[in-house]
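Participant: Let me give you the structure first, and then I'll get to my questions.
What follows is calculated from the coordinates using simple rules that are stated; it is not laboratory data. Just so it is clear, the structure is predicted and the values come from calculations on it, not from any experiment. No Cβ is skipped: glycine too gets one built from the backbone with ideal geometry, and neighbour counts run over all protein chains shown.
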Amino acid sequence: MWRPVAALPTKQRQAVAYHHFAGLPHRDVAELIGGPRPRPAAPRPTASRPCAHR
């Protein structure tokens, strides 16, 4: 697993390490490495009627 990570460009390698190994959220990783902040998730549409399959 280390070999593919080591082959990544520096910022990508740092992002993988901070997020997957250190457990930091994407927002914190972006601030640390100077990347764009992640956009908030789009709201999910709600059903207009209850599901018929229960």
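Participant: Please give the contour-minus-distance gain from residue 1 to residue 26: 0.36 nm per residue of separation, less the Cα-Cα distance, rounded to one decimal in nm.
Facilitator: On the way: separation 25, 0.36 × 25 = 9.00 nm, distance 2.08 nm.
Full extension from residue 1 to residue 26 adds 6.9 nm.
Participant: While we're here: Please give the FRET efficiency for residue 13 paired with residue 41, using the beta carbon to beta carbon distance and R0 = 25 Å, rounded to the nearest 0.05. Don't jump to the answer; show the numbers that get you there.
Facilitator: Working: r = 26 Å, r/R0 = 1.03.
Approximately 0.45, to the nearest 0.05.
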